[in-house]
1. Please tell me if residue 231 is open to solvent by 60 Å² or more (accessible area, probe 1.4 Å), at pLDDT 90 or above and part of a strand (DSSP E or B).
2. Are there any strands (runs of 3 or more DSSP E) wholly within segment 117-203 with 2 or more residues that are in contact (Cβ under 8 Å) with a residue 60 or more places away in the chain and under 26 Å from residue 233 (Cα atoms), and if so which?
3. Report, by residue number, each residue of segment 145-161 that is in contact with a Gly (Cβ under 6 Å, 6 or more places away or on another chain) and closer than 18 Å to residue 185 by Cα.
4. Residue 301 fails exactly one of the following numbered conditions: (1) at pLDDT below 95; (2) surrounded by 18 or more Cβ atoms within 10 Å (Cβ to Cβ). What is the number of that condition?
5. Please enumerate the residues belonging to segment 32-58 that are more than 14 Å from residue 163 (Cβ to Cβ) and not in a helix (DSSP H, G or I).
6. Consider only pairs whose beta carbons are under 9 Å apart and that are at least six residues apart or on different chains; among these, list those whose first residue lies in segment 56-72 and is in contact (Cβ under 8 Å) with a residue 24 or more places away in the chain and closer than 19 Å to residue 104 by Cα and whose second residue is small (Gly, Ala, Ser) and open to solvent by less than 20 Å² (accessible area, probe 1.4 Å).
7. Which one is least open to solvent (accessible area, probe 1.4 Å) among residues in segment 276-295 that are over 20 Å from residue 308 (Cα atoms) and of a type in the set (S, T, N, Q)?
8. Does any residue of segment 263-275 turn out to be surrounded by 16 or more Cβ atoms within 10 Å (Cβ to Cβ), of a type in the set (Ser, Thr, Tyr) and modelled with pLDDT under 95?
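The values are calculated or read from the model by the stated rules, or taken from the named source; none is laboratory data. All values reported here derive from a predicted model rather than from experimental measurement. As a convention, Cβ positions derive from the backbone with ideal geometry for all residues, glycine included, and neighbour counts pool all protein chains shown. Side chains are part of the model used for accessible areas, which takes the heavy atoms of the whole protein and leaves out ligands, DNA and RNA. Shrake-Rupley method; radii C 1.70, N 1.55, O 1.52, S 1.80 Å.
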Amino acid sequence: MRTMLWWVCLGLRILAWSGAWGQTCVTSADMEAPVRAGIEAAGQKYFALAAKGDVAGLKASAIPSVAADFSGIQAAALDNQNSFSKAQAVVRSTFELIAEGNAPLERGEFLCGVFGKTGQTATSAEFVLNGLPPGQYGIVILDVTSTAAPEDGPWAVAFVLQLVSGEWKLGGFNVKALRSGGHNSTWFADRGRAFAAKGETHNAWYYLLEARNLATVAPFMSTRETDRLYEEAQKVASADAPDGVPKELAGTGKAYKIKNAFAYGVAGEFHLVVKYESADVSDSVKAFAENQAVARALLAKWPELKDGFAAIEARATEASGRDFGTVVELRDLK
């Protein structure tokens, strides 16, 4: 799909068109004041409902297609209700998106703010919302901090809204923790760079990916920071690290197909979660032994992992998604 960019110099606004129909994004600085106020008020309203665990109120305020399948938003609201009930939400950023045409966008790509020669700038953002029907939308990002327990959180909460009959209705709700194991994106990025400087490319890769993950406030949004962290990670990417394609790991008398691996912070420690293919995990004794074997094989292949992680969490995973996990402390592996 061909994209053409137009600069509007006075407003420093980028308008993005894909195909024959317009995809327009307006940042908070260029937005009409009543529109911005309406989007932000709706975001605060829906956050307050989530903080009260008022799932019925959220569903009643949702667009029909979302209300018809509300289980995801319901789970997100209830899972976070206890924390949000003791938290304060402040608007970080607001965007207005306009999708033109007479059919849903196959790929809704909205470029917001000023883009430079090398891509995004400090105040820009890109949203990819596929299948978006024509209409006027708002996105508001809230920074949420706990007022009772500072060690709990912080979070970024993103609401996707659609203007329906003059009211900003709920179209999407995303909650993102901004710390892992007590540390934020900057901490992981700094350590990833330090690992890279020592030549520990696997540790660097997983730490930089976690830095990018923590900087990404919603899966449909990217910024200059997330783009830069992605580029940094790619520079240290190893051919033997799984990146969307299963990679073979040789064990003792058996080879395993590693599906995915990622860093995860828990109780101040950092684990490398490793998911590998398994035909059947119903035999827990066998699955436990294979998890141990995978952890040993991976540490033998990448001994540097002891510098970056306290444990490997090996998870035997069936094609159905059912899995069996074992936490293997690296200090116990010789």
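1. On the way: open to solvent by 60 Å² or more (accessible area, probe 1.4 Å): yes; at pLDDT 90 or above: yes; part of a strand (DSSP E or B): no.
Here the answer is no, as residue 231 does not meet what is asked.
2. Details: elements: 125-128, 135-146, 155-164, 167-177.
By residue number, 125-128, 155-164, 167-177.
3. Going residue by residue through segment 145-161, those that are in contact with a Gly (Cβ under 6 Å, 6 or more places away or on another chain) are 145-146, 159-161.
Result: 145, single match.
4. In the conditions (1) at pLDDT below 95; (2) surrounded by 18 or more Cβ atoms within 10 Å (Cβ to Cβ), residue 301 misses (2) alone.
5. Answer for segment 32-58, where residues must be more than 14 Å from residue 163 (Cβ to Cβ) and not in a helix (DSSP H, G or I): 53, 54.
6. Pairs that qualify, where the first residue is in contact (Cβ under 8 Å) with a residue 24 or more places away in the chain and closer than 19 Å to residue 104 by Cα and the partner is small (Gly, Ala, Ser) and open to solvent by less than 20 Å² (accessible area, probe 1.4 Å), are 66/172.
7. That would be 278.
8. First, the residues of segment 263-275 that are surrounded by 16 or more Cβ atoms within 10 Å (Cβ to Cβ): 263-265, 270-275.
Narrowing further to those that are of a type in the set (Ser, Thr, Tyr): 264.
After this cut, where a residue has to be modelled with pLDDT under 95 as well, the list is 264.
Yes.
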